[in-house]
Amino acid sequence: MIAEPDITPGARTANESDEATAAANVQTLFNTIAPSYDRLNHLLSFGLDRHWWRSTARSFPSILKNPSAKILDICCGTGDMTAALLALRPANAEPVTGLDFSAEMLIRARAKYANANALWIEGDAMHLPYADASLDLVTAAFGFRNLTNYAEALAEIHRVLRPGGQVGILECNHPEGLSGAFYNLYLHHGLPLIGGWISGERAAYKYLPASIARFPRPPQMKQMLTEAGFSDPTWKGYLFHAAGLYRATKS
């Protein structure tokens with residue numbers, strides 16, 4: 001069995017003691033690996049990330065079908081989760097907003113989806129530029145674990161959602177049992193080797209597996225959602241529970 005991670009406030013690249021330094025380091029890291037980021041996601045998910053983005057989007061049909069719904073995809077990276085949400089929106093609907101703190105990621109999102117009904121904003125998911133109770137859906141795909149304080153990030157999402165609004169967080173997980181042992185071997189040895197070789201950034205690809213190892217397990221994460229004020233938190237595991245979708249509703 002894989003041990004539960006130590007309770008830590010959020011992402012750290014080098015055991016930084018303060019969140020501001022950690023956030024700056026994470027931002028620099030993702031600006032650096034932006035050219036190879038899409039390949040990283042494909043490697044990490046064995047090519048299943050596209051299916052998971054679409055599955056996540058299909059989990060919110062009533063919101064996405066509502067043309068006036070306000071939808072935000074945080075930690076949007078190069079825009080693939082944002083695009084999956086857009087694919088289920090009706091014609092002439094409100095745009096979906098993709099927000100990320102990496103300028104290099106957003107350059108690639110704008111280029112990949114130049115004609116999409118999307119708004120791309122460089123911003124901080126810990127301090128969202130939205131009024132209280134102004135959004136209907138907030139999603140994040142493989143980026144939430146890179147935030148420097150998970151509890152505060154959930155509280156910020158709760159703040160901007162309207163009553164009845166929903167959150168969807170697609171994120172990596174450490175599976176247990178034999179499959180977990182094999183995945184752990186791949187994650188901590190195979191991925192850094194392959195990712196470092198492809199990108200030339202070996203240190204970055206050591207951080208990414210470490211960020212998965214320290215991320216809360218599903219029972220912890222569901223408890224954090226409850227403590228942030230959400231109701232009915234759920235988790236649906238994918239690929240032997242190597243990833244999964246957290247969902248919850250603002251009461």
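The values are calculated or read from the model by the stated rules, or taken from the named source; none is laboratory data. All values reported here derive from a predicted model rather than from experimental measurement. Don't worry about glycine lacking a Cβ; one is built from the backbone with ideal geometry, like all the others, and counts go over all protein chains shown. Only protein heavy atoms, including side chains, enter the accessible area calculation; ligands, DNA and RNA are left aside. Shrake-Rupley method; radii C 1.70, N 1.55, O 1.52, S 1.80 Å.
So the values come out like this:
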quantity: Residues (surrounded by fewer than 16 Cβ atoms within 10 Å (Cβ to Cβ), outside any helix (DSSP H, G or I), modelled with pLDDT of 85 or more and not basic (Lys, Arg)) located in region 197-236; calculated: Gly229, Ser231, Asp232, Thr234
quantity: Top-ranked residue of region 110-120 - restricted to ones that are without any contact (Cβ under 8 Å) to a residue 40 or more places away in the chain and farther than 19 Å from Thr32 by Cα, ranked as surrounded by the fewest Cβ atoms within 10 Å (Cβ to Cβ); calculated: Asn115
quantity: When residues of region 39-90 are limited to those that are of a type in the set (D, E, K, R) and within 15 Å of the chain's Cα centre (by Cα), the one nearest to Pro192 (Cα to Cα); calculated: Asp49
quantity: Count - residues of region 74-109 that are within 12 Å of Glu122 (Cα to Cα), of a type outside the set (Val, Ile, Thr) and either open to solvent by less than 60 Å² (accessible area, probe 1.4 Å) or in contact with a Gly (Cβ under 8 Å, 6 or more places away or on another chain) (or both); calculated: 12
